[in-house]
Amino acid sequence: MSPTSPKASRKSKRPGHEPPLPLQFKGLTRMALFRNRRSSGFFEIFFKSNLGEGTTVERAGGVFTDKRTVVTHHDTGKTKTYTHQKGLFLTETKSQTMKNGVVVEEGEIKRRFLGGADEIAHRTDGTTVKRTIRPGFFKDHVTTHIDGPCSQCGGTGEKTHHCNGCNGTGVFHRAAKLCFGCEGHGIMHGKKCTRCNGIGQHKPAVNEPCKRCSGSGAYTTVTCKKCNGSGRYTKTTQKNGF
């Protein structure tokens with residue numbers, strides 16, 4: 001049957017036959033899409049949660065309480081909760097993102113009067129995420145700006161490569177050399193070994209400063225390539241919604 005046939009078009013307009021949501025879109029795009037999507041049923045939540053795949057939507061709240069939309073991404077272990085405030089002129093929504101039961105991001109979403117929304121979220125590592133959604137004629141346009149400390153260098157702008165000779169300790173451990181006459185026992189033919197004087201070692205174990213790094217433990221320090229030495233990581237991406 002061709003996609004343009006009347007029967008196919010009637011089937012696509014039936015409730016519950018919405019096209020699947022793209023998993024590559026996150027943040028405000030998903031918020032805008034899930035706002036119009038039906039809630040997931042019991043069997044859908046049961047199967048997707050056990051398989052660890054897909055996304056489910058749950059809604060809660062009544063007449064006298066704030067409405068909440070809980071979006072769970074079972075493939076990544078992330079759960080984002082949108083709390084919609086009640087009121088005539090309230091256009092603000094609280095968002096909270098959890099991963100494996102730990103809060104990783106909290107933010108606020110403000111809807112614009114003529115359409116679209118702005119979200120400002122703060123992550124636990126100090127990163128600030130700004131998302132802007134602009135409704136388009138065919139697609140929604142989402143711009144995400146990330147600004148925070150660089151995760152590669154910890155905000156220092158430099159990366160230190162530890163010395164391989166001492167594993168970054170600055171001290172080189174030289175193992176003891178056993179006596180080859182008594183094989184480390186100290187006794188040879190029932191008598192004290194004359195080669196090691198009964199010690200069992202030809203040379204004892206010693207700890208000495210690493211000659212490769214002069215005892216510093218750091219072999220070399222280079223500029224972080226991710227932040228170019230600034231210690232801050234910024235990134236701006238643009239995506240088209242559904």
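The values are calculated or read from the model by the stated rules, or taken from the named source; none is laboratory data. No experiment lies behind these values; they were computed from the predicted model shown. Ideal geometry is used to build each Cβ from the backbone, glycine not excepted, and the neighbour counts take in all protein chains shown. Each accessible area value is taken on the protein alone, full model and side chains, heavy atoms only, with ligands, DNA and RNA left out. Shrake-Rupley method; radii C 1.70, N 1.55, O 1.52, S 1.80 Å.
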Report summary line: (1) at pLDDT 80 or above; (2) outside any loop (DSSP other than H, G, I, E, B); (3) in contact with a strand residue (DSSP E or B) (Cβ under 6 Å, 6 or more places away or on another chain) all hold for residue 40 apart from (2)
Report task. Any residue in region 204-226 that's farther than 23 Å from residue 176 by Cβ and among the β-branched types (Val, Ile, Thr): show its pairings with residues that are open to solvent by less than 80 Å² (accessible area, probe 1.4 Å) and outside any strand (DSSP E or B) at Cβ separation under 7 Å, as long as the two are six or more apart or on different chains. Result -> 223/157; 223/229
Query raised in the report: When you look at residue 120, is it modelled with pLDDT of 85 or more, part of a strand (DSSP E or B), in contact with a Gly (Cβ under 6 Å, 6 or more places away or on another chain) and among the β-branched types (Val, Ile, Thr), yes or no?
Result: yes
Query - Of residues in region 105-124 being open to solvent by less than 90 Å² (accessible area, probe 1.4 Å) and acidic (Asp, Glu), the one nearest to the chain's Cα centre (by Cα) - result: 105
Requested in this report: Considering (1) out of contact with any Phe, Trp or Tyr (no Cβ under 7 Å at 6 or more places or on another chain); (2) surrounded by 14 or more Cβ atoms within 10 Å (Cβ to Cβ); (3) farther than 30 Å from residue 127 by Cβ, say which one residue 224 fails and leave the rest.
Outcome: (3)
Query raised in the report: When both residues are 6+ apart or on different chains and their Cβ atoms are under 8 Å apart, which pairs have a first residue that lies in region 54-69 and is modelled with pLDDT under 85, and a second that is among the hydrophobic types (A, V, I, L, M, F, W, C) and part of a strand (DSSP E or B)?
Result: 60/70; 67/60
**Report entry** Number of the exception - residue 92 against (1) at pLDDT below 85; (2) farther than 30 Å from residue 149 by Cβ; (3) surrounded by fewer than 16 Cβ atoms within 10 Å (Cβ to Cβ)
**Finding:** (2)
